[in-house]
Structures are given as structure tokens and as C-alpha cells.
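Here the structure is laid out as C-alpha cells; the discussion comes afterwards.
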Amino acid sequence: MSDQASPVTAYVEVIREASHATKLTALSELACNEQDLAGMEVLLSAQAEDDIKLMRGSRDLYYFSDKYMTSAYALHLFRVAEKDPARMIADTVRDESRIYPRPTPIASFLEAPFRMSKAALDGVLWQISQRNDMEDIKSTTASDGSIYLYSNEYLSAAHADSLAEWEAVGKVENP
């Protein structure tokens, strides 16, 4: 092993350990100073193992190992790390509506990995309702009072209503 590869090997291990503990590793955590940042990004990109994945944010670069963490969970952690709660919620809701398709229970933002307080969540939901770039984010309420969010770009109101009702009430009553 060359001298140049040994720091990368150590950093790869740090990234794997963090991923195993369900945490992303920010490039700024690996580099000692500003001059090291660019060099570390190049080294990790060129020499990292296949399991090391990069996510580019506006605040930092983030790494994780897909041996220990799914890309979907890493994406949630990435959105939390970027510290834009309205964007985090809107993008998560859009993904859930598009990929699965299903509405997202707002209660999920109170749990890991988001861990928002109820007051913070209420404030962010109000912000989302006021933003033109998030006007596709809508809410629906199941008969048990559970509130769900969905993107009307991917789900109709009727479809979101029925899916939310099934998730909140139907599954419980029909095991």
C-alpha cells in the first residue's frame, strides 16, 4: 500500500463505521483544514471502495457506505444534514408519492431520522403551505384524525385519501 492510499483507507473505515452507526460522514469532518477539503474529495473519489457513496449538498459533501446503510435512509439523513426542513419535508413527500406511491404520515417527521419537535413541524408545515415552489404538497386526514401529506403531481386527492385511510384505519381493522 502506498503512503497516499493509507489516509484514504483510514477515511473509508471512518465512513463505514459511521454508516454502521446510521450516520453520514461530512467531508468537513474528515479534513483538518480548508486546503485539505479539495484534496480529500479527489482522493476519496479516485481511491474509495465501491461501497462508498457521495452525496453533494449545498452545505457539505457527505459520504456513506451502502454496505451498512441503504441509499434511501442516507437520503433522509442527507436532507436533515442540509438544514432546510421545508425542502426536507417536501422532497420526502414527493419521493413517497412518486416512488411507492403513498402519502406520508406527518407523524413520521417526529421520528428518526428527522426527529422534529411538534412545534417545529407545525411551523414548517405552515411555511410549506405559503411557498409557491411547494404548492403541490397537500394534506389529507384519515377518519382516525391522522394527517398525511402527498404531492398532487403524483397522487390525486381521491387516491391519497383512500391510501391514507387504508394506512391509518384499514390495515389495523383488517390484519
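FYI, it's all coordinate maths here, none of it is from the lab. Just so you know, these numbers come straight off a predicted model, no measurement behind them. Cβ atoms come from the backbone with ideal geometry, glycine included; neighbour counts cover every protein chain shown.
Odds and ends about this structure:
- Kirkwood-type hydrodynamic radius, the stretch 84-173: 13.0 Å, calculated from all non-identical alpha-carbon pairs.
- Its relative contact order, with pairs defined as Cα atoms under 8 Å and 6+ residues apart, puts the stretch 84-173 at 32 percent.
- Links that overshoot a 23 Å alpha carbon limit, given the list 23/83; 23/138; 53/118; 83/118: 23/138; 53/118
- Among 20, 76, the order by Cβ neighbours within 10 angstrom, fewest to most, reads 20, 76.
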